[in-house]
1. Taking only Cα atoms and a 10 Å spring cutoff, compute GNM fluctuations for the chain and point out the largest among Ala157, Ala143, Ala90.
2. For the stretch 76-87, take each phi angle, set θ = phi - 60°, evaluate the Karplus expression 6.51 cos²θ - 1.76 cosθ + 1.60, and give the result in whole Hz per residue in order, putting x for glycine and proline.
3. If amide H atoms are built 1.01 Å from N in the plane of the peptide, which residues on other chains or at least 5 residues away come under 5 Å of the amide H of Thr34?
4. Give me the accessible area per residue for the stretch 18-137, probe 1.4 Å, as a whole number in Å².
5. Output ³J(HN,Hα) for the stretch 122-136: one whole-Hz value per residue in order, computed from phi by the Karplus curve 6.51 cos²θ - 1.76 cosθ + 1.60 with θ = phi - 60°, and x for Gly and Pro.
6. Apply the Karplus parameterisation 6.51 cos²θ - 1.76 cosθ + 1.60, with θ equal to phi minus 60°, to every residue of the stretch 99-112 and state each ³J(HN,Hα) to the nearest whole Hz, in sequence, with x for glycine and proline.
7. Would you mind computing, in nm to one decimal, how far apart the modelled labels at Ala114 and Asp61 are, each placed 7 Å from Cα along Cα→Cβ?
Amino acid sequence: AAPPRAHVLAVEYGAARLEPPFGTIGPIPSADATVSFRVAAPSYVNERALRFQARLVGLEDQWRPISERTVRYPAMRGGDYRFEVRAALADGPFGPPAAVAFAVQPPWWGTWWASLLLGFAGAGAMAGLVKWRVGALARSKAALEVQVAQRTAELRARNAELSAALGTVKQLTGLLPICAHCKKIRD
């Protein structure tokens, strides 16, 4: 007998339930990214001998056997996917796959505009940090210049005092008569 042809009977996500014909399913919001597929294959020989394999292209590449008639993919990430299912009788070959294409929207923080906004915010924060640091360095430089000016003025005053004292010392360098008995300077 020819292998049976698999069919997707329903697609469910969030509160939505879609039935054939599906076409391309519009973008599924990231909050409703748990997607379920109900599958079946008409068989007039022995329905219990049916075997199914499924894969979700974009998430997995290999066919995997499924034991239930409902295939569920929880919390899918944003991207484009294609669900494929195929059926076979007992140990016979698999028939042609049935496919449903759909897209899942990424969460708002995973979109390109959120990344761009985050980049601009980071650049703005860096520019603000650089501006604050340059301002702090300028304030520190001005405070140091005032301190250097004060210390320079103090040193000039001390230098003038020392110069005056040195002039006085030079005047007192002559001979002084000292009394040998009382050790006092004589007039």
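The values are calculated or read from the model by the stated rules, or taken from the named source; none is laboratory data. As the structure is a computational prediction, the values presented were derived from the model and not from experiment. Positions of Cβ are generated from backbone atoms using ideal geometry, with glycine treated the same way; all protein chains shown enter the neighbour counts. For accessibility, only protein heavy atoms count, side chains too; no ligands or nucleic acids. Shrake-Rupley method; radii C 1.70, N 1.55, O 1.52, S 1.80 Å.
1. Ala157
2. Listing the rounded values in order: 7, 7, x, x, 9, 9, 9, 8, 10, 9, 9, 10 Hz.
3. Gly14, Ala75, Met76
4. With the other protein chains kept in place, the stretch 18-137 gives 65 Å² per residue.
5. x, 5, x, 5, 5, 5, x, 5, 5, 5, 4, 5, 5, x, 5
6. 3J(HN,Hα) across the stretch 99-112, in whole Hz: 10, 9, 9, 7, 10, 10, 6, x, x, 4, 6, x, 7, 5.
7. Here the modelled spin labels are 2.9 nm apart.
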